[in-house]
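Shown next, in structure tokens, is the structure this report addresses.
The values are calculated or read from the model by the stated rules, or taken from the named source; none is laboratory data. Since this is a predicted model, take the numbers as computed values, not measurements. So basically every Cβ, Gly included, is an ideal-geometry build from the backbone, and we count neighbours across all protein chains shown.
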Amino acid sequence: MDFNIKVDPATGQRYMAVGFKGRDVQLNSFTNKGTAFTQRERDELGLHGLVPPSVSTIQQQMQRTYGAFQQKGSNLEKFIYLTALQDRNETLFYRLVLEHIDEMMPIVYTPVVGEACQKFSHIYRRGRGLYIAYEQRDRIERLLRSAGIDRPSIIVVTDGERILGLGDQGAGGMGIPIGKLCLYTLCAGVSPYSTLPITVDVGTDNEERLADPLYLGMRHKRVRGADYQAFIDAFVAAVQNVFPQVVLQF
């Protein structure tokens, strides 16, 4: 990622230094502040004209997004809305969920994430994390480096087989590592910049998923036995080589 956290020597205040400007700042969920960019930030980052001229406080942004959240007619629609918010503005997403944690935690994670996993291929909007298929077992290290994170602190990985009592969801299981890492940030203060959800796709035995023309995972029965174990061993070894200090949770 072309940004890093620095400390102002005069004030001791931490700030994010970015190496890009304009629309690129808006399109990165870690640097986008929506309508909260100050006038100075708009000057220095070339954002004038790209956002409405009025500067919003975080409270005003939360009021706006919470109102939109409440308008959603089902829990799945609320899940999709929060996912879209996270994809465009991580800071606002975490602040909103933290302020309404009792209401939104069941949406972000269990039980609603289970339905989201079942319908993953139909509600997919934007990629998050990494998908590593069995067919890509000869280039796992290369795929890990493509994540764009130099030193992740925590990786949560799933093979999508046992999802919240719903069984085999294949590639749709990605909702679990994403949701679990949200909990690490919300409840333990782990920086979202350093978390990485991963799905290892070894196929699925779920006939409904295999018959679905929109299914996004590999369309074959699960790889099992010695071949499965060799793939997982290769994955763990690749993680150790690329990210030797990371915590790896299955």
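Okay, here's what the table says:
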item: Residues satisfying the stated conditions in segment 174-215, i.e. within 17 Å of the chain's Cα centre (by Cα) and assigned to a loop (DSSP other than H, G, I, E, B); result: 189, 190, 191
item: Some residue of segment 132-150 being of a type in the set (Val, Ile, Thr), under 23 Å from residue 190 (Cα atoms) and modelled with pLDDT of 95 or more; result: no
item: Every residue from segment 115-149 that is without any contact (Cβ under 8 Å) to a residue 24 or more places away in the chain and within 13 Å of residue 239 (Cα to Cα); result: 139, 142, 143, 146
item: Conditions (1) without any contact (Cβ under 8 Å) to a residue 60 or more places away in the chain; (2) more than 26 Å from residue 82 (Cβ to Cβ); number of the one not met by residue 238; result: (1)
item: Qualifying residue in segment 36-53 (condition: touching a Ser or Thr at 6+ places or on another chain (Cβ under 8 Å), part of a loop (DSSP other than H, G, I, E, B) and assigned by TED's automatic domain parsing to the domain that holds residue 91); result: yes
item: Tally of residues being touching a residue at least 12 places away in the same chain (Cβ under 8 Å) and of a type in the set (Asp, Glu) across segment 195-220; result: 3
item: Number of the condition not met by residue 165 [criteria: (1) in a loop (DSSP other than H, G, I, E, B); (2) more than 19 Å from residue 134 (Cβ to Cβ); (3) in contact with a Ser or Thr (Cβ under 6 Å, 6 or more places away or on another chain)]; result: (3)
item: Residue in segment 90-102 that is part of a helix (DSSP H, G or I) and over 19 Å from the mean Cα position of the chain (by Cα) present; result: yes
item: Of residues in segment 1-55 being surrounded by 11 or more Cβ atoms within 10 Å (Cβ to Cβ) and of a type in the set (Lys, Arg), the one modelled with the lowest pLDDT; result: 6
item: Considering residues of segment 104-131 that are β-branched (Val, Ile, Thr) and in a helix (DSSP H, G or I) only, the residue surrounded by the fewest Cβ atoms within 10 Å (Cβ to Cβ); result: 123
item: Any hit, segment 172-186, residues being closer than 19 Å to residue 250 by Cβ, charged (D, E, K, R) and surrounded by 17 or more Cβ atoms within 10 Å (Cβ to Cβ); result: yes
